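**Student:** The structure that follows is given in the form of structure tokens.
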Amino acid sequence: MNKIQVKTHSQSEFINITPEVGKIVHRQGFKEGVCYVYVPHTTAAVTINENADPSVPKDIQNELNKIVPWDDHYTHMEGNAAAHIKSTIVGSSVYIPVSDGKLALGTWQGIFFCEFDGPRNREVFVQTIKSE
Ligand code: ZN
């Protein structure tokens, strides 16, 4: 199992982990397959979106904050219900095809670790599956 350590610095934050995931894929040394990226946390998530304009992940966070406000008479006593809900909306895993030994991402795509209850030390699990 390959793991990436992620240190987050604010309550809500999207961190580009594409280079770290790409390094793991490169180390495996196969040409064709799949890369599975999984976040083992209940108040964080992973998503793929535009990595060129930093205002895109900012807009996503701003809109998520409107849909799921931090305070809203939640019953979860820990006080971080909003982070749990955002984690479920965004999701805990993504698959990326591997082609010619590289992540087959679109030109503008990046893989983002999504923090919703930081700052914390987090982990991302990366599993590769060779298909040739
Ligand atoms: Zn909680």
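The values are calculated or read from the model by the stated rules, or taken from the named source; none is laboratory data. No experiment lies behind these values; they were computed from the predicted model shown. Positions of Cβ are backbone-derived with ideal geometry, glycine not excepted, and every protein chain shown enters the neighbour counts. Ligands, DNA and RNA are excluded from the accessible area calculation, which covers all protein heavy atoms including side chains. Shrake-Rupley method; radii C 1.70, N 1.55, O 1.52, S 1.80 Å.
**Student:** Count, please, the residues in the range 25-43 that happen to be open to solvent by 10 Å² or more (accessible area, probe 1.4 Å), in a helix (DSSP H, G or I) and not charged (D, E, K, R).
**Tutor:** 2
**Student:** Could I ask something else about it? What is the residue count in the range 59-73 for residues that are in contact (Cβ under 8 Å) with a residue 40 or more places away in the chain and open to solvent by 40 Å² or more (accessible area, probe 1.4 Å)?
**Tutor:** Count: 2.
**Student:** Just to be sure I understand, how many residues within the range 73-89 are more than 18 Å from H41 (Cβ to Cβ) and either away from the ligand (no atom under 13 Å from the Cβ) or polar (S, T, N, Q) (or both)?
**Tutor:** Looking only at that region, the number is 2.
Quick grid of which residues meet (1) within 16 Å of the ligand (Cβ to nearest atom); (2) polar (S, T, N, Q); (3) modelled with pLDDT of 95 or more:
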| site | (1), (2), (3) |
| --- | --- |
| P57 | no, no, yes |
| Q61 | no, yes, yes |
| K66 | no, no, yes |
| D71 | yes, no, yes |
| G91 | no, no, yes |
| I96 | no, no, yes |
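**Student:** Still on this structure, please answer the following. Search the range 39-56 for residues that are in contact (Cβ under 8 Å) with a residue 24 or more places away in the chain and pair each with any residue that is assigned to a loop (DSSP other than H, G, I, E, B) and among the β-branched types (V, I, T) when their beta-carbon atoms are under 7 Å apart and the residues are at least 6 apart or on different chains.
**Tutor:** Hits for this filter: A45/V39; V46/V39.
**Student:** Just give me the residues in the range 5-24 being assigned to a strand (DSSP E or B) and either touching a Pro at 6+ places or on another chain (Cβ under 6 Å) or surrounded by fewer than 18 Cβ atoms within 10 Å (Cβ to Cβ) (or both), in sequence order.
**Tutor:** Step one: list which residues in the range 5-24 are assigned to a strand (DSSP E or B), which gives 5-7, 13-16.
Within the range 5-24, Q5, K7, F14, N16 meet the criteria.
**Student:** What do you reckon, is Q109 surrounded by 16 or more Cβ atoms within 10 Å (Cβ to Cβ) and not small (G, A, S)?
**Tutor:** Numbers: surrounded by 16 or more Cβ atoms within 10 Å (Cβ to Cβ): yes; not small (G, A, S): yes.
So Q109 passes the test.
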